[in-house]
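Asks: Okay, handing you the structure first.
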Amino acid sequence: MQFAVESVAKWAGDAEPLVYAHWQELGMDQDLKIDPNIDRMEAMEAMAMFKVISAREDGVLKGYLLAVVSPHLHYQSSPPMFIVDAYYITPDARTGTGARLFKFAEALAKDMGCIKIYASFKLHKDHAGFFDALGYKQSDIAVIKRI
């Protein structure tokens, strides 16, 4: 498996089936159309505020991690944070790939001068053990409500 930072455009060209599978597996609002805002991702990428990390096997996209890179709104004078928006690994590539993907992301974030990584997971697909094994600590509980 090869991990790399790649452009939003390159990722988007191959990602549609994975994004759909990701939404089918984890999405809580299946009545909403999955419709990634590629234009916004590219605009943020142009400002060095968005990163795509791919996991490819023989050139075939097997996973990704999407992250926003920005100073935290509460700590504007601090170095940037690496805020994971989404991550996904195809079922056939899950053994060890996720951990290596996050280790790659950690190294990238550190090289970019980030001081903290934020990541989350769906409670109905609990990844707490995965993140504990990588040395992350739980800090927040997120809640949602349809209105």
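Asks: State the number of residues belonging to the range 2-21 that are in contact with a helix residue (DSSP H, G or I) (Cβ under 7 Å, 6 or more places away or on another chain) and at pLDDT below 95.
Replies: 0
Asks: In addition: Residues being under 16 Å from Tyr88 (Cα atoms) and either part of a loop (DSSP other than H, G, I, E, B) or of a type in the set (D, E, K, R) (or both): count how many of those fall in the range 125-147.
Replies: Result for the range 125-147: 3.
Asks: So, one more: May I ask you to list the residues in the range 33-73 that are in a loop (DSSP other than H, G, I, E, B), of a type in the set (D, E, K, R) and either under 13 Å from the mean Cα position of the chain (by Cα) or at pLDDT below 95 (or both)?
Replies: Passing the criteria: Lys33, Asp35.
Asks: Residue by residue through the range 105-146, note down the ones that are over 18 Å from Tyr75 (Cα atoms) and among the acidic types (Asp, Glu).
Replies: Scanning the range 105-146 gives Glu106, Asp111, Asp126, Asp132.
Asks: Might you let me know whether the range 93-110 holds any residue that is on the phi > 0 side of the Ramachandran plot, at pLDDT below 95, out of contact with any Phe, Trp or Tyr (no Cβ under 8 Å at 6 or more places or on another chain) and exposed (fewer than 12 other Cβ atoms within 10 Å of the Cβ)?
Replies: So far as the range 93-110 goes, yes, one or more of its residues are on the phi > 0 side of the Ramachandran plot, at pLDDT below 95, out of contact with any Phe, Trp or Tyr (no Cβ under 8 Å at 6 or more places or on another chain) and exposed (fewer than 12 other Cβ atoms within 10 Å of the Cβ).
Asks: Here's something else I'd like to know. Among the candidates Gln76, Gln30, Gln24, which residue alone is at pLDDT below 95 and either assigned to a helix (DSSP H, G or I) or of a type in the set (Lys, Arg) (or both)?
Replies: Gln24
Asks: Right, something else. Can you tell me which of (1) charged (D, E, K, R); (2) free of Cβ contacts under 8 Å to residues at least 24 places away in the same chain; (3) more than 21 Å from Ala15 (Cα to Cα) is the one Lys125 doesn't meet?
Replies: Against the list (1) charged (D, E, K, R); (2) free of Cβ contacts under 8 Å to residues at least 24 places away in the same chain; (3) more than 21 Å from Ala15 (Cα to Cα), Lys125 comes up short only on (2).
Asks: Something else about it: Looking only at the range 94-124, which residues are assigned to a loop (DSSP other than H, G, I, E, B) and in contact with a Pro (Cβ under 9 Å, 6 or more places away or on another chain)?
Replies: Passing the criteria: Met112, Gly113, Cys114, Ile115.
Asks: On the given criteria, is Thr90 polar (S, T, N, Q) and in contact (Cβ under 8 Å) with a residue 40 or more places away in the chain?
Replies: yes
Asks: May I pose another question? For a quick check of your reading of the model, give me the residue pairs whose first member lies in the range 9-20 and is among the aromatic types (Phe, Trp, Tyr), whose second is crowded, with 17+ Cβ neighbours inside 10 Å, with beta-carbon atoms closer than 7 Å and at least 6 apart or on different chains.
Replies: Hits for this filter: Trp11/Val52; Trp11/Ser54; Trp11/Tyr64.
The values are calculated or read from the model by the stated rules, or taken from the named source; none is laboratory data. None of the values given here were measured: they were computed from a predicted structure. Please note: Cβ atoms are built from the backbone with ideal geometry, for glycine as well, and neighbour counts cover all protein chains shown.
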